[in-house]
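Notes to accompany the following structure.
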Amino acid sequence: MATATKAKAKKKDVKITTGVLHVQTTSNNTLINLVDVEGNKVVGGGTGKVGYKGSKKSTPYAAEVLTKQLLKEAQGLGLKEIWIIFRGTGMARDGIFKAVNEIGLIDIAYIKENTAIQFGGCKGKRPKRN
């Protein structure tokens with residue numbers, strides 16, 4: 001029997017000058033993805049990637065540390081300008097702005113709020129009559 005060998009995919013040399021930073025903040029975690037203008041993921045991850053567990057993952061400081069790490073990786077790829085799209089109701093927004101300002105070499109082109117707002121929905125249960 002021949003053993004199956006996995007061929008490792010070569011990482012392409014990605015050069016990116018403008019990127020979109022998608023930030024999803026929940027009450028338990030913060031997920032950040034940096035994509036290029038076409039929507040292809042360049043770098044990303046959650047706050048667990050930088051070593052936080054449990055309730056510490058939802059803190060603004062954890063989001064700040066993750067954002068710094070991802071933007072430093074992206075600076076090596078030539079990133080100069082980002083667009084930021086926020087989604088969710090977590091606390092991490094301040095940490096992300098703080099990290100972008102501390103890095104300093106990356107400009108923010110625009111900021112968009114994309115949180116879904118609940119409306120309408122199913123009819124509620126009727127109240128009990130006892």
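Readers should treat all values here as calculations from the given coordinates under stated rules, not as data from a laboratory. None of these values were measured; they are calculated from a predicted model. Cβ sites come from the backbone with ideal geometry, for glycine too, and all protein chains shown count toward neighbours.
General observations
- Contact order normalised by residue count of the chain, Cα under 8 Å, 6+ apart, percent: 25 percent
- Measuring against 19 Å, Cα to Cα, the residue pairs Lys41/Lys98; Lys15/Lys112; Lys41/Lys72; Lys72/Lys98 contain Lys41/Lys98; Lys15/Lys112 as the ones spanning a longer distance.
- Relative contact order (%) - segment 15-83, alpha-carbon pairs under 8 angstrom, separation at least six: 39 percent
- Relative exposure of Lys128, Lys56, Lys98, Lys15, judged by other C-beta atoms within 10 Å (fewest first): Lys128, Lys15, Lys56, Lys98
- Candidates Tyr110, Tyr61, Tyr52, ranked by Gaussian network fluctuation over the chain, Cα under 10 Å, top entry: Tyr110
- Relative contact order [Cα under 8 Å, 6+ residues apart], segment 47-113, whole percent: 39 percent
- Taking other C-beta atoms within 10 Å as the exposure proxy, Arg87, Arg129 rank Arg129, Arg87 from fewest upward.
- Label of the coordinate-derived value, Cα extents along the principal axes in Å, listed as (i) 48, 39, 23; (ii) 56, 31, 24; (iii) 68, 56, 30: (iii)
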